[in-house]
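Here's the structure we're looking at; comments come further down.
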Amino acid sequence: MEEGRRFNAVPSETTAGRKSNVAGDHTCKGCSFEKRINGEEPKSIEASEAENNGEPTIFESKTTDSPKAEDKAKSEKREEKVTSTTTDMKAGNSRKYRNPEIGNEEKIDEDSLRFAGRKPHDIPIACQQRGGEQGSSSRIPEIAERRSTPSVSDPGSITRMVTMATPGASHSSASQQRKLMSYSQPLPRSEIPRCVSNLRKKHSLDEEPAASSHPFPLDIPRSFHSSHPASSLPPGPIPEFIGSGGGSGIFRLPPRGAVHPGRPPPLELRPRPLRETQVGAFLHAIACTTSQVWAAQESGLRFWYLSELFDEWKGREMPRRGDEESAPFHTSVRTPAALCLVADVGRGLVWSGHKDGKIRSWRVEQTRMQMGSLAPSPVERNEGGAGFKEVLSWQAHRAPVLSMVFTSYGELWSGSQGGNIRAWPSQAIENSLSRSVEERHMAALLVERSCVDLKSLVTVEGECPLSSANVLYLLSDDSRAKVWSSSSLSFALWDSRKKELLRVFSLNGEIETRSNALSPHNPNAEVDVKTKVSCSSKKEKSQGSSFLQRSRNALMGAADAVRRVASKGAFGDDNRRIEAMVITLDGIIWTGYTNGSLVQWDANGNKLHEVQHHSASVTCLCTFASRLWVGYANGTVQVMDLEGYLIGGWIAHNSPVMSMAIEGLFLFTLGNLGGIRGWYLASPGPLDNALQSELASKEMLYTKFENVKILAGTWNVGQERASHNSLITWLGTVASEVGMVAIGLQEVDMGAGFLAVSAAKESVGLEGSSYGQWWLDNVGKTLDEGTSFERVGSRQLAGLLIAIWARRNLVPHIGDVDAAAVACGLGRAIGNKGAVGLRIRVYDRILCFVNCHFAAHLEAVSRRNADFNHVYRSMAFIRPPSGGNAATACASNAQMHRWGNATDTGRPELSEADMIIFLGDFNYRLYGITFDEARDLVSQRCFDWLREKDQLREEMRAGKVFQGLREGDFKFPPTYKFQRHQAGFTGYDSSEKKRIPAWCDRILYRDNRSVSLSDCSLECPVVASILQYEACMDVTDSDHKPVRCIFSVDIARLDKLTRRRLFGEIIVSNGKFKSLLEEYQKVPETVVSTTEIFLANRGTSFLRVTNKCLKDKATFEILCERLRSKNEDGQDLRIRSRGSFGFPNWLKISPVVGIIKPGETINLSVQHENLRTLEDFIDDAPQHQWTEDTLDSEVLLILKITGSRSTECRTHLIHVRRTFKSNEPNGHL
């Protein structure tokens, strides 16, 4: 379809009109236009009929019940002529038609007609045979003419629709050109059309006409008369008008495809569920063990086996709604919200910190499911299924646990809300784990009493160098036996062996010495702000402001003060908050900030380097081998080397990246909305391109198609309440044909006091009114809400209200409802003008509905254009207050959900939608025409000519507003302005102002099509067409008429289960991919100098590790597998498994982790430490430090070697034996 043009059939002329042209008669009996041109006062239709001896003067069906035989014969003759003409048109693609009145021939191209959405035989007789006075030029229909003529400025290129419909209309060549006139310029008399026909017709707004006997009657919309509602939808779509300027800049369509062009193909471990399905089950963090991927959720934990990544739920117990397309997973028993996770490699456990302040440990044991039975036993189901058991738990803090880490000596450190940090000794944990199930309560008490409160240790005389801010991050520097703790504004360095605070740093790396009195939580700040607000209020009162104005200003000031205090107390400088922290294998600390910058620190807290590759806020960091991954608030993931140089990046999620974890070949990322995706560690690389091609070639195997019919309605209600019959006429008669209903109301309430109160409520996050609720309730009753439809969402801004209902069988496929409001009134702050919007996800596609009310008055075109531009650019969607995440009250909310649905693509949020429907009172008027002329043209149904005077169409052609949007060709009268409760033609404004009728109330849309004929596919997933576009002219409750439009929307969506299965088949069966993956999983060959080390007290030995590979780097890590003690006779006393690393206190290895370059050797120092510790006993229980055995002992170390593109590893076993000499003190004082 040609952009900025209109394609539709023209009104047919009458036989009487053609006869008049032959005679050269330019008058039309009963036509008020002709009489006004000649300076005569127009006569009424009844008077004209009387002068014509009762003969009708307007083309329409006879009103008499028994027509004369002569009229019947003429009618039959006309039908024969029409049949003959239609047969000629069907004979070929291009036919010539002779006009008998002027003797010329006109050629109509059939292809042009198909391009316009019409068949050749649909052309009215008026387009095939036209007459005119001698010397006037005859033209072909506008459809074919625009197709064949390149320039619209050529005199013969475009003829007004009224010229086609009016036989004998004479115009000079200058008047035939399109004229550019100001909107206030009156209509020239030379351009006033004559009557369309000469048959009798009363005003179209007065009553329904009788059935026409003419073969080509005027096309009257079905909604024109509510007494005969539409019983079914039309068989096909109606023609559309497309605005210019689309497809570029902010109006460029969002990229879509079977495989996203801007990122590597991901493994969809858990496709992002609809937000509404996850209440009580939102995911907060992920972690990986050697065989599982774990997730902390609102109601406990869940995990996936890496071996089941490509499996389906067949034969298993189906999960809750929202997880049907996820890979099979296993859930724990219900617990308070889990906020953080840490994997304990040594013990084979996973530890979780919870909202209730408890720390819990979990173990997965082999079950009947792993041994071949698909269904879990009743015992397994009660315990969480799949052997998912809670091993140990204790009350660690009084506040939510936000972070945890294992030190190199096996101790567990935890940080909580409020700034508390506690250490839990390894021996206490081991003793508690060794107890039986019946002794769990005693085991929990044992661990709780072993606690070391680190904040209390560094508090002297009530002064503490640590702030009370939440401890969000804990990191362990295993090579140097140090621990880093961090809040959003500062971080501290600890000695993990002595539990001493070494330094406290500010965001800039400066050493802090401040006390708790200088904490960001300063209660005096709030008092100062309240005082300022009070003073401001008194000043406004002295200036004589009105009560409502003072109330509004006070509320807005108070809300702003609350926001400032909250921001200052919680986060300080918004642009320099620490949002993420990680330590690399070489001991370098990386911190990410709100402004997108990344800072590199050495092991002592000295600032080394700062880089910035993105402007969005950093949300999480992850490292493996020689790479660093950065997650951002706009969903982007970037890959860097350890020097800070950017390797690549892509959009991983449509929401902030909350957490990342690595295992096997994959980097797993968790989006803020719950989706988990796996990315190859080698990405970006050659594997991505090959996998993209394979998946794209199988597109049709994982594509599903859906169709949804949407009823969109707009009505400026003028502060009135509609009757039940009016709502039935507007919505009820067609609701049975659709799956969704979206309505936009304007001027629900417009009082000055209401607008002020509404602005004040908006400033504190409140919305709605009693009037708005009345409309929601009554529209819901009209739609049979609760039985047939359910309300999906709504949003009100002052007098603007938008709401969406969906059929109950469609509701499971609809979610992620977000709302937005943009004020365009006084100072862009008052909601008397503006827009409200709802964004929803339907079959995984984004649909936006925007209800607008723009500036009024004829001359305010530029203001209306500016209002649209402001709305389109600034509309930002957020979760409605009444719904959304149940975790918003969670203590981790500030850490995990503070980014919301942030985007930083530089494009408006509306630009990212697959389909946008704009509806409302746009207030665009008719220009260059008077009230009387417009009213009479309406009575004659000259809507095609009136559309040429429509400001909105004119601005859309020029690409100044609604760029690239589409609108159906409408055939209903102007919907503004009417006298309330007055039907018919006389209902138009008859006051002194005599506002010119106009199509103020409109419905426009945009889908994924870049061209008009695009088919629905994953590259163009949403394709819509208009089935009905009409106004309900019989509704008289307001000065506007309600308008409705029915869309047929085709949606292409991914079958994510099938695609994940195909993903696995490609990886397993394709030889090319298998060879690439085998290459990625290769571990560099390394050798060690010895496998046995003997240490005496204070002795030191060295272990040399050599990387024999000359191409790849090798990553090493040393773990303590077990500790075995012996008595003086050499007998084993006990063998204990250790936590992560978990070295005994007497053993120091440096470095514990690191990278060995190709062909190089690294020396590891293995040293015996004579560490003497004090023990304080209360009630015979040690309170601070658990001492290691002072007898001879043996430690089994594991040297773990991995490559840089997979966690596949090789191991070396190292035995370290310690001999305790009798001449040394026994370790007790």
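The values are calculated or read from the model by the stated rules, or taken from the named source; none is laboratory data. Predicted model only: the values in this text are computed from it and were never measured. Cβ: placed from backbone, ideal geometry, glycine included. Neighbour counts: every protein chain shown. Ligands, DNA and RNA are excluded from the accessible area calculation, which covers all protein heavy atoms including side chains. Shrake-Rupley method; radii C 1.70, N 1.55, O 1.52, S 1.80 Å.
Residue pairs whose Cβ atoms lie under 7 Å apart, sitting 6 or more positions apart in sequence or on different chains, and linking a residue in the stretch 652-664 that is within 17 Å of VAL293 (Cα to Cα) and in a loop (DSSP other than H, G, I, E, B) to a partner that is open to solvent by less than 20 Å² (accessible area, probe 1.4 Å) and among the polar types (S, T, N, Q), are GLY664/SER1206.
Considering only residues of the stretch 668-682 that are aliphatic (A, V, I, L, M) and surrounded by 24 or more Cβ atoms within 10 Å (Cβ to Cβ), which is farthest from ASP641 (Cα to Cα)? Per the stated criteria, the residue is ILE676.
Residues that are in contact with a Lys or Arg (Cβ under 6 Å, 6 or more places away or on another chain), part of a strand (DSSP E or B) and either open to solvent by 50 Å² or more (accessible area, probe 1.4 Å) or modelled with pLDDT under 85 (or both) within the stretch 1197-1210 comprise just one, CYS1209. The C-beta contact set for the stretch 245-262 (first residue surrounded by 13 or more Cβ atoms within 10 Å (Cβ to Cβ), second residue basic (Lys, Arg), distance under 6 angstrom, 6+ apart or interchain) comprises ILE250/ARG907. Inspect the stretch 407-427 for any residue being open to solvent by 30 Å² or more (accessible area, probe 1.4 Å) and either modelled with pLDDT under 85 or in contact with a helix residue (DSSP H, G or I) (Cβ under 6 Å, 6 or more places away or on another chain) (or both) and give the result as yes or no. Yes, that holds for at least one residue.
Among the residues of the stretch 301-330, those identified as open to solvent by less than 20 Å² (accessible area, probe 1.4 Å) and hydrophobic (A, V, I, L, M, F, W, C) are LEU301, PHE303, TRP304, LEU309, ALA327. When the residues of the stretch 430-477 are narrowed to those that are closer than 18 Å to GLY357 by Cβ and among the acidic types (Asp, Glu), which ends up least open to solvent (accessible area, probe 1.4 Å)? Checking each candidate, the answer is ASP453.
In the stretch 292-306, the count of residues that are assigned to a loop (DSSP other than H, G, I, E, B), within 29 Å of CYS622 (Cα to Cα) and either acidic (Asp, Glu) or in contact with an Asp or Glu (Cβ under 8 Å, 6 or more places away or on another chain) (or both) is one or more. Taken over the stretch 1034-1046, the residue count meeting the criterion of being open to solvent by less than 10 Å² (accessible area, probe 1.4 Å) and not in a strand (DSSP E or B) is 5. For the stretch 281-295, the condition holds for at least one residue, the condition being that it is farther than 30 Å from PRO425 by Cβ and out of contact with any Leu (no Cβ under 8 Å at 6 or more places or on another chain). For VAL748, indicate whether it is touching a Phe, Trp or Tyr at 6+ places or on another chain (Cβ under 7 Å), crowded, with 17+ Cβ neighbours inside 10 Å and without any contact (Cβ under 8 Å) to a residue 40 or more places away in the chain. It is false that VAL748 is touching a Phe, Trp or Tyr at 6+ places or on another chain (Cβ under 7 Å), crowded, with 17+ Cβ neighbours inside 10 Å and without any contact (Cβ under 8 Å) to a residue 40 or more places away in the chain. The lone criterion from (1) under 44 Å from the mean Cα position of the chain (by Cα); (2) more than 26 Å from TRP730 (Cβ to Cβ); (3) open to solvent by 30 Å² or more (accessible area, probe 1.4 Å) left unmet by CYS1020 is number (3). Farther than 30 Å from GLN278 by Cα and either of a type in the set (Val, Ile, Thr) or open to solvent by 10 Å² or more (accessible area, probe 1.4 Å) (or both), is that true of LEU646? Here the answer is yes, as LEU646 does meet what is asked. Go through (1) within 27 Å of TYR593 (Cα to Cα); (2) part of a strand (DSSP E or B) one by one and return the number of the condition SER468 breaks. So SER468 meets the others, but not (2).
Against the conditions (1) under 29 Å from HIS870 (Cβ atoms); (2) more than 20 Å from the chain's Cα centre (by Cα), ARG808 satisfies every one except (1). Residues of the stretch 478-496 being surrounded by 19 or more Cβ atoms within 10 Å (Cβ to Cβ) and not polar (S, T, N, Q), which ones? The answer is ASP478, ALA481, LYS482, VAL483, TRP484, LEU489, PHE491, ALA492, LEU493, TRP494.
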